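Shown next, in structure tokens, is the structure this report addresses.
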Amino acid sequence: MTSPVKPQRRYDSSGRREVARATRRKVLDAAHRLFVARGFAATTMSQVAEEAGVAVQTVYSTVGGKAELLKQVLDVAVAGDDEEVAVADRPEIHRIAAETDGRRKLQMYARHLRVGLERVADLEQVLRAAADVDPLVGELLEAFAAQRLVGMTMMAENLREQGLLRRGMTVAKAADVLWAHMDVRNYVALVRERGWSPREFERWYVDVTAAMLYKPGAQSG
């Protein structure tokens, strides 16, 4: 008489992925807190591991080295989460692109960018402080600035396609204006140092940007 064959246990890969993702979130959250509190150079991988409640080897296996850890912390801060969806592909960006009223479009864009600045302002200061002494951080800072310009160029192209730009305003120059006005250093200077409210900063961005970019009659709001 043969013994009954035991059914094979199904391998739950989705459960393992969720555990790994939760661990990564803990590591990135811990690193974010420590980088902002202590700076990049003074933060060790062992401290990150202790803050996250994991082994130091887990930090390395989950995110890689220290510079890569900072990059991933910045990526999550920019996006607002760790979803594997590019910022340009998110519904909020599509809604901004679809808006045809010039002022309303800039208001939506300013709100989106300002919320992002609140998440990345402290981290960008960490980047700038470490960039001069760590070449990898310097490269990360340059990549971050270039990434911002890519997003601003997409917005400028959208403004051109909708016929909102004034005569003689090129996409490249419009992107520079969008990029410069929403520099995190402007946000820190006006909101944190001069005491403006976030809404006042948004209104300033809309007013000065529209004045430079838009043709007459492009905004009805």
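The values are calculated or read from the model by the stated rules, or taken from the named source; none is laboratory data. Keep in mind that this is a model prediction, so the values were computed, not measured. Neighbour counts run over all protein chains shown; Cβ positions are idealised from the backbone, glycine included.
A few comments on the model shown:
- Residue among E92, E68 that is of a type outside the set (A, V, I, L, M, F, W, C), assigned by TED's automatic domain parsing to the domain that holds V120 and surrounded by 12 or more Cβ atoms within 10 Å (Cβ to Cβ): E92
- Flag for L69 being closer than 29 Å to W196 by Cβ and either outside any loop (DSSP other than H, G, I, E, B) or over 14 Å from the mean Cα position of the chain (by Cα) (or both): no
- Annotation: of all residues in the range 170-221 being assigned to a helix (DSSP H, G or I) and among the polar types (S, T, N, Q), the one that is surrounded by the fewest Cβ atoms within 10 Å (Cβ to Cβ) is N186.
- Filter result for H94 (within 16 Å of the chain's Cα centre (by Cα) and either over 30 Å from M155 (Cβ atoms) or of a type outside the set (V, I, T) (or both)): no
- Test set (1) at pLDDT 90 or above; (2) within 17 Å of T44 (Cα to Cα); (3) not in a helix (DSSP H, G or I) - V126 fails condition number: (3)
- Filtered residue count, the range 158-191, keeping only those that are farther than 30 Å from F35 by Cα, without any contact (Cβ under 8 Å) to a residue 24 or more places away in the chain and aliphatic (A, V, I, L, M): 2
- Of the candidates M155, M108, the single residue that is of a type in the set (A, V, I, L, M), under 19 Å from V78 (Cα atoms), in contact (Cβ under 8 Å) with a residue 24 or more places away in the chain and outside any loop (DSSP other than H, G, I, E, B) is M155.
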